[in-house]
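The block underneath contains the structure these notes are about, expressed in structure tokens.
The values are calculated or read from the model by the stated rules, or taken from the named source; none is laboratory data. Quick caveat: nothing in here was measured; it's all calculated off a predicted structure. Heads up, the Cβs are rebuilt from the backbone with ideal geometry, glycines too, and the neighbour counts pull from every protein chain shown.
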Amino acid sequence: MDSLSDNALMLQVKDGQLDKLGLLFERYHKSLYGFFYRLTSDGDTSEDLVQNVFVRILKYKHTYQGDGKFTTWMFHMARNLFADHYKKSKRMGYKEDVEVTDRYFKDDVNAESTRIHTEELDLLQKAMSHLSVEKREILVLSKFQEMRYKEIADLLELTESAVKVRIFRALKELRVIYEKLETQSSIY
């Protein structure tokens, strides 16, 4: 049963086999969590948003046509949900999750290299938080969710060339912000 395609599973959910939504959840909850975490820097909020995506999938199952990729449809819902969340909260600052930090420091053998890697990731997350939501979102979709330009173009209703340009510009701006933050942190 696990070998069914995403589209086939979603069509079964649409037809009333709601237990199939659990298989889709198992396939995509980590991916969605990563998407939301990179946008919010908040573990609890990200978990809530993942749950809400699947609630919306269930609520709007009747709108699923099955003619495109399921993930494009799912991430469209995720984007809308994040937009709603963003409008409601208006806070997009950097927050450190204590549980995540503790996990990195459990292994004393590689503590120093892990600490350096963690600091680099934290700096990247901080730099990402300085980007506009649109730039951050397109980078998360392309670099972290590993969506193809065509998929992103379909999701954002843009041309592939427009997606390439936006990703290029977002990466260029991210590099400048990252280098500035890196310089500032090395001073202290």
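Here are some notes:
- Failed condition for residue 145, given (1) closer than 14 Å to residue 79 by Cβ; (2) free of Cβ contacts under 8 Å to residues at least 60 places away in the same chain: (2)
- Note on the range 140-186: among residues that are within 23 Å of residue 119 (Cβ to Cβ) and of a type in the set (Asp, Glu), the one that is modelled with the lowest pLDDT is 182.
- The number of residues in the range 147-188 being under 15 Å from residue 137 (Cβ atoms), among the charged types (D, E, K, R) and not in a helix (DSSP H, G or I) comes to 1.
- Screening 37, 28 for residues that are buried (at least 18 other Cβ atoms within 10 Å of the Cβ) and touching a Gly at 6+ places or on another chain (Cβ under 7 Å) leaves exactly one candidate, 37.
- Given (1) surrounded by 13 or more Cβ atoms within 10 Å (Cβ to Cβ); (2) more than 20 Å from the chain's Cα centre (by Cα), index of the condition residue 183 fails: (1)
- For the range 155-180, taking the residues that are of a type outside the set (Lys, Arg) and buried (at least 19 other Cβ atoms within 10 Å of the Cβ), the one that is nearest to residue 71 (Cα to Cα) is identified as 155.
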